[in-house]
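The values are calculated or read from the model by the stated rules, or taken from the named source; none is laboratory data. A quick note: this is a predicted structure, and the numbers were derived from the prediction, not measured. Glycine also receives a Cβ, built like all others from the backbone with ideal geometry; neighbour counts cover every protein chain displayed. SASA here: full protein model, heavy atoms, side chains in, ligands and nucleic acids out. Shrake-Rupley method; radii C 1.70, N 1.55, O 1.52, S 1.80 Å.
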Amino acid sequence: MKKITLIVVFISLLIACNPANDKKVLKEANGRINSLLVVIKNSEWQGDLGNELRKILAEPVLALPQPESQFEVSQVPLESFGSMFRATRNVLSINLGDENSLTVSTNVYAAPQKIITITGKTKEELIDLIKTNSKKIVTEFKTSDLATVQRNILKKFWDPTTIKTFKEQGYSIKIPRNYNMVDDTGDFVWYRYHIDGANSMEIITYSYPIENENDENGNAIVAHRDSIGKKHIPGQIEDSHMITEEAFTPHIFEVSLDGKKAFETRGKWEVKGMYMAGPFLSYSVIDKAKNRVVVVEGLTYAPSVNKRDYMFEIEAILKTLKIK
């Protein structure tokens, strides 16, 4: 018996000492979603380099009622970037060096973590690199944060096969379990999450046939949206319903979702005849196989409250769309 015990212990020690099993365990990253740490000299942060970075990082999010920057930004010099800050979720490091380069690293000191390092031979070349790669910088951090939000909020979600519209229409999104069903007609879905009090986040989905070029090129998005609002989303008084805010022209961009051509629309909604309004985000996906447009949309009602992070969560949910 002693011999068997010694053999088991010996084998366990061999396994434990095997380099293949010696994986680095990273600490959990800290820092809120939509925030990042800029590592740069204090003097550079106060000068032209810092000004250029702030133009990009503090750019307002589109279609929000109150101005909100796309990132909450903090800054430390390189000598202060020690153990206290290394576990930060999003890090942008700006340096002078012997070459011009931009590198993107993942999970260096913590997980999930994204570190972008930009090196330039001169301040002028650094500024050019930042300008040239501004879209890439924002996209890298946003994509990483979206993945983090999806992991956090979609640990539990409603089974799409139990939602009538998803079964009958052949598409689905993952709706977190803390959202409650308002309506599910077989061609229209509406789920709601109560933030606090009367404030809420809403998820709706529907589809419509492609009947002309306007349906396929994104020119009829608002018309179809208002039609759905009149049919399915009534207000609290007679003859009131949700419409696209008439005084604000939505921003529409061609994108790709679920591998298909789509249109991202960011705008403001209101309830006709009532003082209710807020931001919305929708994706209108061209489903050529079934000659239709599939629309997934989210909106927030939270007066006098910052809504950037709410809309970011909605974006994370909508981007789980799958069309059969």
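Return the lysines within reach of LYS230: Cα separation strictly under 22 angstrom, same-chain partners fewer than 8 residues apart disregarded; answer none if there are no such residues.
Qualifying lysines at Cα under 22 Å: LYS164, LYS268, LYS272.
With θ taken as phi - 60° and the coefficients 6.51, -1.76 and 1.60, list the Karplus ³J(HN,Hα) couplings across the stretch 75-83 in order, rounded to whole Hz; mark glycine and proline as x.
Here the 3J(HN,Hα) series is 9, 9, x, 4, 5, 9, 7, x, 4 Hz.
Does the stretch 100-195 come out rounded, prolate or oblate, given a ≥ b ≥ c as the square roots of the eigenvalues of its C-alpha gyration tensor, rounded meaning a/c under 1.5 and, failing that, prolate meaning a/b above b/c? Provide the component values of the computation, followed by the final result.
Values: a/c = 3.92, a/b = 2.83, b/c = 1.38.
Cα axes put the stretch 100-195 in the prolate bin.
How much solvent-accessible surface does LEU154 expose, in Å² to the nearest 10, with a 1.4 Å probe and all protein chains in place?
Only protein atoms counted, so the area is about 20 Å².
Shape of the chain from its Cα gyration tensor (a ≥ b ≥ c, root eigenvalues): rounded if a/c is under 1.5, otherwise prolate when a/b > b/c, or oblate? Walk me through the numbers before you get to the answer.
Values: a/c = 2.19, a/b = 1.38, b/c = 1.59.
The shape class here is oblate.
Keeping every protein chain in place, order LYS121, LYS114 by accessible area at 1.4 Å, biggest value first, i.e. largest first. Please list the in-between numbers first.
Values: LYS121 110, LYS114 30 Å².
Descending accessible area places them as LYS121, LYS114.
Using amide H atoms built in the peptide plane, which far-off residues or other-chain residues are under 5 Å from ILE210 H to H?
ARG292, VAL293
Keeping every protein chain present and rolling a 1.4 Å probe, give me the accessible area per residue for the chain in Å². All intermediate terms of the calculation are to be shown ahead of the outcome.
Working: 17400 Å² over 324 residues.
It amounts to 54 Å² per residue over the chain.
Could you work out the local net charge near GLY273, counting Lys and Arg as +1, Asp and Glu as -1, over the other residues with Cβ closer than 11 Å to its Cβ? All intermediate terms of the calculation are to be shown ahead of the outcome.
Details: positive: LYS272; negative: GLU238, ASP239, GLU270.
It works out to a net charge of -2.
Take each of the peptides 199-208, 255-264, average the number of other beta-carbon atoms within 10 Å over its residues, and list them starting from the highest. Please list the in-between numbers first.
Numbers: 199-208: 21.1, 255-264: 16.8.
Ranking the peptides 199-208, 255-264 by packing returns 199-208, 255-264.
Counting only helical runs of four or more DSSP H residues, what would the 222 nm mean residue ellipticity of the chain come to if each run contributes -39,500 (n - 2.57) and the total is spread over all its residues? Intermediate values should be presented prior to the final figure.
Numbers: 9 runs with 94 residues, N = 324.
One gets -8500 deg cm²/dmol as the mean residue ellipticity at 222 nm.
Please sort through the DSSP H helices of the chain and keep those with an alpha-carbon extent of at least 18 Å along the long axis and a Kyte-Doolittle average not below 0.5. Could the numbers behind the result be given before it?
Working: long enough: 2-17 (22 Å, 2.23); 134-153 (28 Å, -0.41).
Within the chain the helices that satisfy the rule are 2-17.
Considering every Cα-Cα pair within the stretch 147-199, what fraction, in whole percent, is farther apart than 13 Å? Before the final figure, lay out each step's value.
On the way: 849 of 1378 pairs.
When every Cα pair of the stretch 147-199 is considered, 62 percent fall beyond 13 Å.
Show me, for the stretch 198-215, the HN-Hα J-couplings you get by feeding each phi into the Karplus relation (A = 6.51, B = -1.76, C = 1.60, θ = phi - 60°), rounded to Hz, glycine and proline as x.
Whole-Hz 3J(HN,Hα) from phi for the stretch 198-215: 8, 6, 7, 10, 10, 10, 10, 9, 6, 9, 8, x, 7, 10, 7, 5, 4, 5.
What does the charge add up to near ALA316, with Lys and Arg as +1, Asp and Glu as -1, over the other residues with Cβ less than 12 Å from its Cβ? Intermediate results must be reported in sequence, preceding the final value.
On the way: positive: LYS142, ARG151, LYS174, LYS319; negative: ASP145, ASP309, GLU313, GLU315.
Around ALA316, the surrounding residues sum to 0.
Can you tell me the convex hull volume per residue for the stretch 163-235, based on C-alpha atoms, in Å³ to the nearest whole number? Walk me through the numbers before you get to the answer.
Working: hull volume 8.0 nm³, N = 73.
Roughly 110 Å³ of hull volume per residue.
Report, ordered by chain and residue number, the lysines lying within cross-link reach of LYS136, taken as a straight Cα distance under 23 Å and ignoring same-chain residues fewer than 8 apart.
Output for LYS136: LYS41, LYS55, LYS114, LYS121, LYS123, LYS260, LYS261, LYS319.
How large is ³J(HN,Hα), in whole Hz, for each residue of the stretch 68-73 in order, when computed from phi with the Karplus curve 6.51 cos²θ - 1.76 cosθ + 1.60 and θ = phi - 60°, using x for Gly and Pro?
So the Karplus estimates, Gly and Pro as x, are 9, 6, 6, 9, 8, 10 Hz.
Can you give the Rg to Rh ratio of the stretch 90-136, both from alpha-carbon atoms, with Rh computed by the Kirkwood formula?
Numbers: Rg = 11.2 Å, Rh = 11.0 Å.
Value, to two decimals: 1.01.
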